[in-house]
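Only one structure is covered here, and it is reproduced in the block below.
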Amino acid sequence: MADTEMARGSKENAKYGVKGYKAEDAEANLDDVRVLSNAEYHKIVKENVVETEDGYFHRIEKYPATSCCCGFSCFGVLLIVMLVLAAGGVTIISFSTDVPMYLRDHRSYWAQTAVAEAMDVANAGLADDALADQERVDNEYSLEIIYIKDSGIMTTGSLERIKELEEKIAFHEDYPDYCTLDWNASTQCDADDPPVSYSDVGCHVHVSALQYMDPDFWVPTDPAREGSDPTTASTANRAIAQSSKLWMTGPDAFGFANPANQTQDFLDLTQSNIDAVVNYWGRYCYQAYQCPPDGLSDRSPFAFNLVNETADECFDVTQVTGESTAPNYFWQVSDSDFGLAYGSNATWNPTLRALRSEFYMGTPRRKDNGELYEEEGDDIAKQEEEIGEFLFNNFQDDLASGIGGGITVYWWGTGMFALYAEAKLAEAYLWVSASFLFVLFYLTVQTGSFVLAFLGMVMILLNFIPAIFIYRFIFQFTYFGVLNMLGVFIILGIGVDDIFVFLDTWNAINFEHPHEPFHEKMKHTLQHAGKAMATTSASTAFSFLANATSSFPAVYTFGIFCASLIICNFCSVTIVWPRVVAAWEYYIGESATWYTCYCFPCKSRSEWGYPEQEEGAEPTPGKVELFFRDYYYPYFIDGAYMNAALKKNMEDGRDVPGAMKSLASKLIIFFFSIYILVTIIYAAQLRPDPDVPNLFPDSDNYVNFGPTQADYFARQDNPFRINVQIPFGIKNLDQNDCDGRTCDPTDPEDLGTIEWDETIYTTYQDEYVQKWFLDFCADMESGTGSISASKRRVYQADSIITRPVRCFFQSFKAWCDENNCPRTRVGPALETDDYIVDADWYVVMVSAFLDDDQSPSEPDYQAGNTNQDVWADYIFAEDVFGTRVLRFIIIEAALTEEITYPFEDGIVLYENWEDWLESWTARSTQFVYNFQTNLDYAFVSDTGAFAYFYLQEAIIAEAFTGIALSLFLAFCVMSIATGNWLISLMATTTIATMVIGVIAFTVWNGWKLGVIEAVIYVMVVGMSVDYTVHLSDAYLESKKKTRRDRTRDMLFKMGVSVVSGAISTLGSSCFLLATYIIFFRKFGTFILFVISQSLVYSLVFFTALLNLMGPEFPEFGVGIAPKQWVYMSDDLLAYIKRVLSPDGKLIVDQVARSLEVFEDQRKVIVSVTTSKGRQLVMVPLDLIRIRTQDGDLDFFNDILRTCWRAWSRRSEEVTKWYRSKDTVVLADIHDILTDTNTVPGFEAERGPLLRAPSHTREDAKDTEV
């Protein structure tokens, strides 16, 4: 019977045209079939290389050097393209130290930028400036220095040290070329011969406490001032003030020495003179309501007659207009606690803890061609750059060295911070270079070849070229900031990790198949390593793309760039790196050392061949692999070697019963659960960082200057105080239009285009509108309604802030009251005292008010200031074809709170202001204000605090939504890649616990949720997924049956890759800790913790989970039913391949489908898909099993498998086999197989195992998988 069936099978083979089979000699053909050894099989395949040499891997094999050069040349071509574009004027990237963290579309940021852009456009000033065209007349730029000594700084020794430092600045040979020039009255009147040199004009007097130590300085009660009564207003007192060093200009006006003769010292720094100055100015007051009761102060206000200088440019002492008193000028240089406190019960503090000095730098400067710079656009930036270079290059080191004597020095100069940041970034890049060298050294040690390591590093760095191309020309971004630079370390870790995975897989393939040809090894390497690298690259890229959903430009540009970098790295390591390995194998191979074979091949062309081992020489695993397999797993993960009985059971292949099974894994899960619970508790304590993110540490001068200024000199300015601004006249800001082009959201200077309220000029003249503004300002300062001034946190006047609400209309009305402005209109709900001036006189009176000197009755009076000087920052006009047009005004209120105010309360505060403003704009339409309808274009703004409150809220929300999105995407990627939802869920859970650990780590360090923390939390998903995915892939690819065996095999194959990748990333990150920039340092700290935690979690916690609950394949021969997808054993698959195609060119899918099951015979007929068509095979049940394992996703598996078959069939050599039109029927497997021991499970009974199908190949196409 068996012979009959065998003959029938042979005839059917002949019928269907199988090569080599004929009906009449079927027996002879079957006798020729034999099982090939590895060496014989390798020999047959090697002999047929020429027939298929056009394949991708064959071309790499045949031309290793050329293919390697072609791979690297792609980077060069792309680089040349970008250089050509750059030469043509196209901006590729624009590096910036700014971190654009703002909510561009939020109303608070919109309001802030609308005011900033409006100020920039409407900058024409309020009146003609006689000195507008003079060189260096403006003093907007300066070098400010603060000296701190809490025990008291007004001592001879301290002032001597200050004097020495300030003389270095004031007497520097180039200082006269940068200082603000003081164009005094005499030079202004000399129109025929205007002075242009320093010798004629002189530098503006710099502000310094040393000025007050000059015995000739203005001290009105000094007995030397005979004939002058400081308490009686007179023009003589005015002359005393004008002749003092306070206003004196010219080359002798430095106050403490003569520049022409620096040995001539004007100062008296004896302690007695210092005490006299402190005593005088410490108890000085200049407003009656500010002076304390008699007996507390012996210094009355210094009085003098004001002189009207508006009638003539030149000073005329005869034009007396009224009495005035001089303010306490010493407050300009002393800390806010010094002197008299505010109010009738004031006391005075004689101790000075801090002093300040300020050197003014003038603009507009002259260009090299002698012309003046413009005061706008690029010319402003150029002048700032020149001033910054002068200050930084000449004084940065002296200021940083300090002056000793227990005095702490802080400073801030125009343009100095940018140069300082560039210098520190340059230092950081040196440490970045050290990271590269470390990784290069480690790669050399691991690979055993400097050449291979060097080429790997070059390939990783070259990934920046295509990544920048994608970032710039696909995503259309040019901004490249500090966060983007951190991508260097990210790609360094990921790139090296991929190289290790590739090389370890390559070594594993050589270990398992030492005699396969090179192209087969490379193909198998890419099949296995490519899947793992694709999974990790996709999950990491998606985690960074989760950052792309952020509202902050700095974050989403960082996420997009890093994602592009990771994708480019994956393409490089799968396309370029195999070519590098091929070239290395052929040219250098194991004969390479770290000092040889750099440029020339170590092997001649005649010695090129297949890099294979000798026949019978089996490779041995490394020590690390043996450690993971023979020590780490049995002792630490499973615990089977913890006692002799368990060890013997495991060595004998017997299972461990009861609770002792995998005891170590259970203990690991238990202790990790406790740790995770602790991290959850601490992570819940995370709070947003109220402080503005800094580039440098808290101890840095440029970080401390602002807070120090706010703490010690609140009288001058507190940069952190919230000042609410209500602008009127700005209709809209179009954030999409920037001078006719689309605005770049990553550029903080691309604010948009202003649309003005053109009715402001006529509307604000109306008497009812004047009344509305007066009522509006009064309610802003002291309103008691439902949204009272206290609820809006408005500051109450004191010696620190004498005018909390700055309202132009209030000051204008006070001036009109003093000057009897026309007020004749009376109407419904309107009296003459309700408004400022008749509408017909409004423009004339406003001009007169602005030209006049500030009234001494004003709470913030400063002698010598005009109203134009006082209100220049609150009334804005635009130059329209030579005519000044009023554009908008600002009403401002100082608040009691600072930018460090809790963001939740800050948001409520902002909303209170918006509600209050809305109530007033609604009130303007009522009867009492004559139904005004043109006051709607007003909004609440400030200098950035409110936008920062909302930024903190958004950071928290985006951080956690980003984490959730990254975890979801990671789960999807792993599910698709592994085809197993169970192991993907376990991996995602592990990664989620890592994220919680990183958040807890933030709290442990005393940090709060800021910009870099928010980026790290989302990024940690991508950085943590690598090791877990590598282990998951190795677990699923393992051929072992039980989860314990698979876990052990997983550690054996992939443990070394995980450790190697972690060491390289940890080593490179350590160098970040040495950098000065806080972003880099904190990033390095996070990376160290993230990678360390990922290594522990993946090799301990996740491995223990797999050892306890990992998916298992079903047993062979169990549970098989008809119409199921089944998995053929490796031996059966290899046998079918050899029988159908002895030349080894046939592709056979390991997954088949069961058709009929014969339980009584323990056999099954399966349909096998091959590149030649569908084959029907009858096999023993023990050689197949159900394809699906625990947690398998059949749908994803089928998609991936179908895609792989489609890709395989595209090759030319495979299409040749499709010329056979029909399927094949084989003879009895038992008669063909010569060595049954190689395929366990075959029965001795002979029987027909392979049958011909009843349909043709054309029919089979319809049902083919």
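The values are calculated or read from the model by the stated rules, or taken from the named source; none is laboratory data. Keep in mind the model is a prediction, meaning the values are calculated, not measured. We place every Cβ from the backbone using ideal geometry, glycine too, and count neighbours over all the protein chains shown.
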Would you check if K1123 is outside the structural domain of K1040 (by TED's automatic domain parsing) and touching a helix residue (DSSP H, G or I) at 6+ places or on another chain (Cβ under 7 Å)? no
Per the list (1) touching a residue at least 24 places away in the same chain (Cβ under 8 Å); (2) over 30 Å from S673 (Cβ atoms), residue check on A922 breaks on (1)
Return the only residue of L443, L492 being over 30 Å from N694 (Cβ atoms) and of a type outside the set (S, T, Y). L443
Among the residues of region 566-605, which ones are at pLDDT below 80 and basic (K, R)? K603, R605
Condition check for I162: modelled with pLDDT of 90 or more, of a type in the set (V, I, T) and part of a helix (DSSP H, G or I): yes
Across region 668-691, what is the number of residues that are in contact with a helix residue (DSSP H, G or I) (Cβ under 7 Å, 6 or more places away or on another chain) and within 30 Å of I1077 (Cβ to Cβ)? 7
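Yes/no matrix, rows are residues, columns are (1) assigned by TED's automatic domain parsing to the domain that holds S924; (2) assigned to a helix (DSSP H, G or I); (3) over 25 Å from F888 (Cβ atoms); (4) over 41 Å from the mean Cα position of the chain (by Cα):
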site: A789; (1), (2), (3), (4): yes, no, no, no
site: R803; (1), (2), (3), (4): yes, no, no, no
site: K813; (1), (2), (3), (4): yes, yes, no, yes
site: D833; (1), (2), (3), (4): yes, yes, yes, yes
site: I836; (1), (2), (3), (4): yes, no, no, yes
Return the residues of region 938-951 that are closer than 16 Å to E117 by Cα and either hydroxyl-bearing (S, T, Y) or free of Cβ contacts under 8 Å to residues at least 12 places away in the same chain (or both); say none if nothing qualifies. S941, T943
Restrict the check to region 926-937 and report whether at least one residue is hydroxyl-bearing (S, T, Y), closer than 23 Å to T784 by Cβ and at pLDDT below 95. yes
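Say we look at region 690-701 and pick out the residues that are of a type outside the set (A, V, I, L, M) and buried (at least 18 other Cβ atoms within 10 Å of the Cβ); which of these is nearest to the chain's Cα centre (by Cα)?
F696
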Being in a helix (DSSP H, G or I), modelled with pLDDT of 85 or more and either in the same structural domain as D750 (by TED's automatic domain parsing) or farther than 30 Å from W577 by Cβ (or both) narrows E27, E117, E40 down to just E117
List every residue pair whose Cβ atoms sit under 6 Å apart, with the two residues 6 or more apart in sequence or on different chains, where the first one lies in region 369-391 and is at pLDDT 85 or above and the second, anywhere, is part of a helix (DSSP H, G or I). G388/M416; G388/L419; L391/M416
Looking at (1) at pLDDT 85 or above; (2) aliphatic (A, V, I, L, M); (3) crowded, with 18+ Cβ neighbours inside 10 Å, can you tell me which one A400 breaks? (3)
So which of E167, E173, E144 ends up being in a helix (DSSP H, G or I) and modelled with pLDDT of 85 or more? E167
Let me spell it out: the conditions are (1) touching a Phe, Trp or Tyr at 6+ places or on another chain (Cβ under 9 Å); (2) among the basic types (K, R); (3) surrounded by 21 or more Cβ atoms within 10 Å (Cβ to Cβ), and R1153 meets all of them except one. Which number is the exception? (3)
How many residues does region 845-860 hold that are touching a strand residue (DSSP E or B) at 6+ places or on another chain (Cβ under 8 Å) and either buried (at least 19 other Cβ atoms within 10 Å of the Cβ) or in a loop (DSSP other than H, G, I, E, B) (or both)? 5
Exactly one condition in (1) touching an Asp or Glu at 6+ places or on another chain (Cβ under 9 Å); (2) touching a residue at least 24 places away in the same chain (Cβ under 8 Å); (3) under 30 Å from I754 (Cβ atoms) is not met by L830; state its number. (3)
